[in-house]
Each structure stands twice: as structure tokens, then as C-alpha cells.
Amino acid sequence: MAEVNVQAITTQLVENVEQVIIGKTQSVQLTVLGLLCQGHILIEDVPGVGKTMMAKALAKSVGCQFQRIQFTPDMLPSDVTGVSVFNQKSREFEFRPGPIHAQIVLVDEINRATPKTQSALLEAMEERQVTVDGRTYPLGPPFMILATQNPIEYEGTFPLPEAQLDRFMLRIRLGYASRAEEVEMLDRQQYRHPIDQLTQKVTLEELQAAQQAIRAIYIDQKVKEYIVDLVRETREHPDVYLGASARGALALYRLCQARAALFGRDYVLPDDVKALAGAALGHRMIVGPAARIKDVQSEEIVQEILNRLPVPGAQTRR
């Protein structure tokens, strides 16, 4: 924390993205936290609320190479990862990288591709590399996938499997802007889109330093146990068919460190866990059939567990 001011970096990123995404501070903060934790984000919302602009604004804010992949049912895994092509002149196979070979990748409507194509992202998301024809190609830092899906449409979609959902650190929703915010949006876009004037605020070196710095944020043993107890409760809840994984506990752990840094602290509070639990764990849970009929949402179950789980007294480092 002494070498790099993580709070200043995160604040700059949030304020820069908010020039494009109006009135969604919490969602923007979550996206920046996901970037700091080297995680991937699933943005689930209806069309036209700024999902694509969020990804573009984040990429421009850190000066990263940006690629957009529009998932469709006829896409093949090679359309994502790349393909080896035989060169007639050199008489050798040459690798032509696919759009996944970028620093920040927007996967638009991820649930419109077939499971075979969706699975092409698994290795990239977990190991930050892709393997084509037996050769492995690393993906440049800070490799991040922001995937979008429409929760309303089900025609021609393929639900993401649990293994895929578990690789997303966060699931966020933007929602519609308020009346005043929509008027402000019209004013800002009268002559040009704000994304065209967005400038880089943080260098890749500063971002990587911040990503390392948050790992030094102190978490008391009782808060660690609080995180583990919360995750374990999701597995034992009567309305849950499949609870959150150990990867979910680690994701929540990292996010709490990043949130503490965002607010200028060098220690984690139970309030950080409460603020992030729904976004970090909700999409990793499968609600049981009986609860699904009653339209019980996974985030509601997480909140119910938080309401009855004893909160530890956090301690600062001595």
C-alpha cells in the first residue's frame, strides 16, 4: 500500500467510467473491483442499459486492447480461440489468433452460442491461455472477460453450465437509469458519445501494481471464518440444490480486500463481506425446484443467510 495508492487508482477508474455510465456507481465500482482482483464479470440485464459501453469505457480507462465477440448459435470454438492455417509459401502451419487474444474482451450474449463454443472460454478464463492444435498461447495481462446475457429472452439460448458460471467472479446488473439520469444522458450525447472523449487514466503498470497491492490487505481470522461459514451455509440451505464452491469463497475473499482498498482501508470489515456476497455468490448457486416455483432468487437466499449469521467483531492489525 505504501508503494501504490490503490484508492486513487480505483477512484480514477470509477470516475472515468461514470462519464459514460450515468447513475450506476455501485455497478461501476463492482466492475473495477473485478478488474483489480483479476476476475471476470457476467453482466446480466435487458438490452440498452449500457453493458457494451461499460466494457469499452473500462478498456479505454486503462489503455488496454479491446475486442468484442458477438456470440451466435453458428459460431465454432476456433472462431473464438483462433485457427492454424497452412501457408503455401513457407509450407508450414501459421497460427491466426482469434478475438480472445486481447486484454479486455466483451463476449456479447454469451448464452446464444452452443455449449461447445461456450466451453472454448473455460481455459482462457481459468488459466489465461488457450490451446490450439496442441500449442499453448498465453493471453496478455490484465486479461479480463466481460460477458453479457439477456435474462428475459430464452428463445435460441443455451443456459450457461455451472462450471462456466463459477469462473465468473461477479454477476452484476445495471438496470434502468432514473428520469433525471436519462435526461442527463440525452444532454451528454447531443453532439457526440462521451466514449469518444474518454482518455486513459491508469497505465498497465499502475494497474498491475494495484492488483498486487490489494493482496496485502489484512483480513482478520474471524472475518475469514465468516466468509467460509457464509459459503458453507449456501450448501446446506433447504432451498438450494447446489451451493457456492470453494472458488466462490476465494473470490469473495479477494473482492473484500479490493473493496477495503477502494475505501482507503488496509483491513477488511464484515460490512465488505455483506456488500459483496450477493454479487459474488448468487450466480454460483442453483436454486432447488420447489423454491424456483415460488420465484425465490439466489441473492435473496444469500441475504437471508447474512441476516441470521452471527457477525464477527473485526479487528485491525496490531
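Please find, among T25, T52, T81, the residue that is out of contact with any Ser or Thr (no Cβ under 9 Å at 6 or more places or on another chain) and β-branched (V, I, T).
Result of the check over T25, T52, T81: T25.
Considering every residue within the range 141-160, establish whether at least one is at pLDDT 90 or above and among the acidic types (D, E).
The answer is no; no qualifying residue exists.
Go through A291, A275 for me and flag whichever is surrounded by 14 or more Cβ atoms within 10 Å (Cβ to Cβ), small (G, A, S) and either within 17 Å of I227 (Cβ to Cβ) or without any contact (Cβ under 8 Å) to a residue 24 or more places away in the chain (or both). I'd like the intermediate steps shown before the answer.
Numbers: A291 fails: either within 17 Å of I227 (Cβ to Cβ) or without any contact (Cβ under 8 Å) to a residue 24 or more places away in the chain (or both).
Matching residue, one of A291, A275: A275.
Just checking, which of V240, V223, V202, V231 is farther than 27 Å from H283 by Cβ, surrounded by 15 or more Cβ atoms within 10 Å (Cβ to Cβ) and either assigned by TED's automatic domain parsing to the domain that holds A261 or in contact (Cβ under 8 Å) with a residue 40 or more places away in the chain (or both)?
The conditions single out V202.
Could you grab me the full set of residues in the range 72-116 that are farther than 29 Å from K60 by Cα and under 29 Å from the mean Cα position of the chain (by Cα)?
P73, D74, T114, P115, K116 - these are the residues of the range 72-116 that are farther than 29 Å from K60 by Cα and under 29 Å from the mean Cα position of the chain (by Cα).
If only one of V202, V223, V231 is within 20 Å of E300 (Cα to Cα) and modelled with pLDDT of 90 or more, which one is it? Outline the logic, then answer.
On the way: V202 fails: within 20 Å of E300 (Cα to Cα); V223 fails: within 20 Å of E300 (Cα to Cα).
Testing whether each residue is within 20 Å of E300 (Cα to Cα) and modelled with pLDDT of 90 or more leaves just V231.
Quick one: count up the residues across the range 8-31 that are basic (K, R) and in contact with a Gly (Cβ under 6 Å, 6 or more places away or on another chain).
Total satisfying the criteria: 0.
Matching residues to (1) surrounded by fewer than 17 Cβ atoms within 10 Å (Cβ to Cβ); (2) in contact with a helix residue (DSSP H, G or I) (Cβ under 6 Å, 6 or more places away or on another chain):
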{"site": "N5", "(1), (2)": "no, no"}
{"site": "I9", "(1), (2)": "no, yes"}
{"site": "E15", "(1), (2)": "yes, no"}
{"site": "T25", "(1), (2)": "yes, no"}
{"site": "L35", "(1), (2)": "no, no"}
{"site": "G39", "(1), (2)": "no, no"}
{"site": "I43", "(1), (2)": "no, yes"}
{"site": "G48", "(1), (2)": "yes, no"}
{"site": "C64", "(1), (2)": "no, no"}
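Filter the range 141-158 for residues that are farther than 21 Å from L33 by Cβ and within 18 Å of the chain's Cα centre (by Cα) and give the result. Give the steps one after another, and end with the answer.
First, the residues of the range 141-158 that are farther than 21 Å from L33 by Cβ: 150-158.
Answer for the range 141-158, where residues must be farther than 21 Å from L33 by Cβ and within 18 Å of the chain's Cα centre (by Cα): N150, P151.
Would you mention how many residues in the range 68-77 are within 14 Å of L121 (Cα to Cα) and either surrounded by fewer than 15 Cβ atoms within 10 Å (Cβ to Cβ) or aromatic (F, W, Y) (or both)?
3
Filter the range 243-297 down to the residues that are closer than 18 Å to L160 by Cα and assigned to a helix (DSSP H, G or I) and list them by number.
The first filter runs over the range 243-297 and keeps only residues closer than 18 Å to L160 by Cα, leaving 243-245, 247-248, 279-289, 292, 297.
Passing the criteria: R247, G248, A279, A280, L281, G282, H283, R284, P289, R292.
From the list L281, L255, L250, which one is under 15 Å from T10 (Cα atoms) and within 17 Å of the chain's Cα centre (by Cα)?
Selected residue: L255, the only one of L281, L255, L250 that is under 15 Å from T10 (Cα atoms) and within 17 Å of the chain's Cα centre (by Cα).
Could you count how many residues in the range 59-98 are modelled with pLDDT under 90, closer than 21 Å to K116 by Cα and of a type in the set (V, I, T)?
Result for the range 59-98: 1.
I'm trying to understand the selection: among the residues of the range 134-172, which are within 14 Å of N111 (Cα to Cα) and acidic (D, E)?
Residues satisfying the conditions are E153, E155, E162.
Anything in the range 9-49 that is closer than 14 Å to R259 by Cβ, among the small types (G, A, S) and assigned to a loop (DSSP other than H, G, I, E, B)? List them, or say none.
If the condition is that a residue be closer than 14 Å to R259 by Cβ, among the small types (G, A, S) and assigned to a loop (DSSP other than H, G, I, E, B), then G39 is the only one that fits.
The values are calculated or read from the model by the stated rules, or taken from the named source; none is laboratory data. Please read these numbers as outputs of a predicted model, since none were measured by experiment. All Cβ positions, glycine included, derive from the backbone under ideal geometry; neighbour counts span all protein chains shown.
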